[in-house]
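Participant: Attaching a single structure in structure tokens format; questions to follow.
The values are calculated or read from the model by the stated rules, or taken from the named source; none is laboratory data. Nothing here was measured: the structure is a model prediction, and the numbers come from that model. Positions of Cβ are generated from backbone atoms using ideal geometry, with glycine treated the same way; all protein chains shown enter the neighbour counts.
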Amino acid sequence: MQLKIARIGKAIGVMALLAGMYLLLSCERNPLKVDLSGIGEEVSFVRYDRELFSLGGAPGIGDLQGLHDRYPAFTDLYTHLVLRVGDVTDSSGWQLIREFLADTTTQAVREMAEKRFSELRSVEKELVTAFKHFRYHFPERPLPVVYFCQSGFNESVFTADSLVGISLDKYLGPGCFYYDMLDLPRYKQRKMIPAMIPSDVMYTWGMTEFPLGKEATTLLDHMVHEGKLLYFMEAMLPREADTLRTGFSKRQLEWCRSNETAMWNYLVEHQMLFSTRQMDIVRYINDGPTTNGFPQESPARTGAWLGRQIVRAYMKKNPQVTLAELMANTAYRQILNGSAYAPQ
């Protein structure tokens, strides 16, 4: 699939050109680059990994009780749903987490994580700025506390009410020996890098704050919903590279831009947009090495990328719509209709 673009030029006077450039810049000013000078509240961070491992390989039940008392909500989430050891303040959970802490693999991964993440100032700075954008656009919503942890490779980013967990052992880089041992595919390992943390956090936070509506039954619904989440990430991380926000390589992004019309026409001509078949939704929305049925050069999640193009067109055509209004809108087909999206 190839897309050819014709460019037509014509002579224009210097004054008219300057006036046109001024008008263009005024119209094209990015509405997502906002003034944060009035936003004082910031997210806070906890190196939960260091506090846990500082207890040693055989902590007493009182030590774990003290950790639970300091961070009750996160400890319950972490031990029950991430590590799956249960309540660490009873005998069975206490024994299981001692086994986790004393395990030689856990200790080896801990050393790797400590070397890679001896300090997290750059990550924290990016997340502070991202959540300031969140506070700007959603002033009534609370900001989370961010916890860094080690999950035994179970999770990357996880959220609950007013908290975010980041598993540092899922961001050790594609050369990590243990990723190969776990048979993690290369397309996943490529994105398991520290630079992906802010994007992963804001995508996961967006999924939590703005879940898929019950109305979503078709491929189009899922495309627009994912497009909203990608647009949300643009608003939270406006200076972030698009490769990090999408998880695509530069070559994959270029492929999408070059084949936008061809992809859209394919979905329309094959009557895919209103398909309710789960296999069709998975094919265009879920992660993977490529989009099945498209050329090998295509990334996975091309449906999500097209969804963002729809949402961008919708917001450009409807500048009065705020980000909060967009994220609350689950009338997915109405967003498509209101976008007048028609790639050429």
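Participant: Given the residues ASN292, ASN337, which is the only one that is free of Cβ contacts under 8 Å to residues at least 24 places away in the same chain, in a helix (DSSP H, G or I) and polar (S, T, N, Q)? If you could, list the steps in order and put the result at the bottom.
Facilitator: Numbers: ASN292 fails: in a helix (DSSP H, G or I).
The match here is ASN337.
Participant: Only one of VAL82, VAL43, VAL88, VAL109 is within 30 Å of VAL311 (Cα to Cα) and touching a residue at least 12 places away in the same chain (Cβ under 8 Å); which?
Facilitator: Result: VAL43 is the single residue among VAL82, VAL43, VAL88, VAL109 that is within 30 Å of VAL311 (Cα to Cα) and touching a residue at least 12 places away in the same chain (Cβ under 8 Å).
Participant: Starting from residues that are polar (S, T, N, Q) and farther than 15 Å from ARG50 by Cβ, keep the ones in the stretch 94-140 and report whichever is farthest from the chain's Cα centre (by Cα).
Facilitator: The initial filter retains those residues of the stretch 94-140 that are polar (S, T, N, Q), namely 95, 104-107, 118, 122, 129.
Then keep just the ones that are farther than 15 Å from ARG50 by Cβ; that gives 95, 104-105, 122, 129.
On the way: GLN95: 35, THR104: 32, THR105: 28, SER122: 18, THR129: 15 Å.
Going through the qualifying residues, I end up with GLN95.
Participant: Further, regarding this structure: Just checking, how many residues over the stretch 50-68 are β-branched (Val, Ile, Thr) and either assigned to a loop (DSSP other than H, G, I, E, B) or closer than 18 Å to SER118 by Cα (or both)? Before you say what the answer is, go through the steps one by one.
Facilitator: If we filter the stretch 50-68 for residues that are β-branched (Val, Ile, Thr), which is where we start, we get 61.
Still in the list and also either assigned to a loop (DSSP other than H, G, I, E, B) or closer than 18 Å to SER118 by Cα (or both): none.
Result for the stretch 50-68: 0.
Participant: Which members of the stretch 197-223 meet the condition of being assigned to a helix (DSSP H, G or I) and under 14 Å from LEU323 (Cα atoms)? Talk me through it step by step, then tell me what you get.
Facilitator: Within the stretch 197-223, the subset assigned to a helix (DSSP H, G or I) is 197-209, 219-223.
Scanning the stretch 197-223 gives GLY206, GLU209.
Participant: Right, another one. For ARG239, which of the numbered conditions (1) crowded, with 16+ Cβ neighbours inside 10 Å; (2) over 19 Å from PRO295 (Cβ atoms) fails to hold?
Facilitator: Going through the list (1) crowded, with 16+ Cβ neighbours inside 10 Å; (2) over 19 Å from PRO295 (Cβ atoms), ARG239 breaks only (1).
Participant: Quick check: is even one residue across the stretch 220-241 at pLDDT 95 or above and touching a His at 6+ places or on another chain (Cβ under 7 Å)?
Facilitator: Yes, the stretch 220-241 contains a residue that is at pLDDT 95 or above and touching a His at 6+ places or on another chain (Cβ under 7 Å).
Participant: Would you call GLY293 within 18 Å of the chain's Cα centre (by Cα) and assigned by TED's automatic domain parsing to the domain that holds GLU234? First the steps, then the outcome.
Facilitator: Working: within 18 Å of the chain's Cα centre (by Cα): no; assigned by TED's automatic domain parsing to the domain that holds GLU234: yes.
No.
Participant: Let me ask something else. Quick one: VAL146 ticks every box in (1) without any contact (Cβ under 8 Å) to a residue 60 or more places away in the chain; (2) surrounded by 20 or more Cβ atoms within 10 Å (Cβ to Cβ) except a single one, so which number is it?
Facilitator: Every condition holds for VAL146 apart from (1).
Participant: Can you tell me which residue within the stretch 269-283, out of those that are among the charged types (D, E, K, R) and surrounded by 11 or more Cβ atoms within 10 Å (Cβ to Cβ), is farthest from MET223 (Cα to Cα)? Show your work before the answer.
Facilitator: Start the filter on the stretch 269-283 by keeping residues that are among the charged types (D, E, K, R), which leaves 269, 277, 280, 283.
Right, trim to surrounded by 11 or more Cβ atoms within 10 Å (Cβ to Cβ) and you get 277, 280, 283.
Details: ARG277: 14, ASP280: 11, ARG283: 11 Å.
Taking the candidates together, the pick is ARG277.
Participant: If you check ALA313, ALA304, ALA324, which single one turns out to be loosely packed, with under 15 Cβ neighbours inside 10 Å, in contact (Cβ under 8 Å) with a residue 24 or more places away in the chain, of a type in the set (Gly, Ala, Ser) and not in a loop (DSSP other than H, G, I, E, B)?
Facilitator: On the way: ALA313 fails: loosely packed, with under 15 Cβ neighbours inside 10 Å; ALA304 fails: loosely packed, with under 15 Cβ neighbours inside 10 Å.
Within the list ALA313, ALA304, ALA324, the selection yields ALA324.
Participant: Also, I was wondering about something else. Would the stretch 245-252 turn up any residue that is hydroxyl-bearing (Ser, Thr, Tyr), touching a residue at least 12 places away in the same chain (Cβ under 8 Å) and either closer than 25 Å to PHE294 by Cα or not in a loop (DSSP other than H, G, I, E, B) (or both)?
Facilitator: Step one: filter the stretch 245-252 for residues hydroxyl-bearing (Ser, Thr, Tyr), giving 246, 249.
Still in the list and also touching a residue at least 12 places away in the same chain (Cβ under 8 Å): 246, 249.
In the following step, the residues that additionally are either closer than 25 Å to PHE294 by Cα or not in a loop (DSSP other than H, G, I, E, B) (or both) were identified as 246, 249.
Within the stretch 245-252, one or more residues are hydroxyl-bearing (Ser, Thr, Tyr), touching a residue at least 12 places away in the same chain (Cβ under 8 Å) and either closer than 25 Å to PHE294 by Cα or not in a loop (DSSP other than H, G, I, E, B) (or both).
Participant: To continue, here is another question. Looking only at the stretch 224-244, count every residue that is within 20 Å of TYR341 (Cβ to Cβ) and outside any helix (DSSP H, G or I) and tell me the total. Steps first, answer last, please.
Facilitator: The first filter runs over the stretch 224-244 and keeps only residues within 20 Å of TYR341 (Cβ to Cβ), leaving 224-235, 242.
Narrowing the set further to residues that are outside any helix (DSSP H, G or I) leaves none.
Final tally of qualifying residues: 0.
Participant: Okay, next question. Go through GLU126, GLU155 for me and flag whichever is touching a residue at least 60 places away in the same chain (Cβ under 8 Å), of a type in the set (D, E, K, R), within 30 Å of ASP35 (Cβ to Cβ) and surrounded by 14 or more Cβ atoms within 10 Å (Cβ to Cβ). Step through it out loud before you land on a result.
Facilitator: On the way: GLU155 fails: within 30 Å of ASP35 (Cβ to Cβ).
Just a single option satisfies the conditions, and that option is GLU126.
Participant: Of everything in the stretch 172-185, what is free of Cβ contacts under 8 Å to residues at least 40 places away in the same chain and either out of contact with any Leu (no Cβ under 9 Å at 6 or more places or on another chain) or over 26 Å from LEU77 (Cβ atoms) (or both)? Give them in sequence order.
Facilitator: Within the stretch 172-185, PRO174, GLY175, PHE177, ASP180, MET181, LEU182, ASP183, LEU184 qualify.
For every residue, the table says whether it meets (1) part of a helix (DSSP H, G or I); (2) at pLDDT 95 or above.
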| position | (1), (2) |
| --- | --- |
| THR89 | no, no |
| PHE100 | yes, yes |
| ALA108 | yes, yes |
| PHE131 | yes, yes |
| LEU143 | no, yes |
| PHE158 | no, yes |
| LEU172 | no, yes |
| TYR179 | yes, yes |
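Participant: Hey, can you tell me all the residues within the stretch 160-170 that are crowded, with 19+ Cβ neighbours inside 10 Å, outside any helix (DSSP H, G or I) and not hydroxyl-bearing (Ser, Thr, Tyr)?
Facilitator: VAL164, GLY165, ILE166
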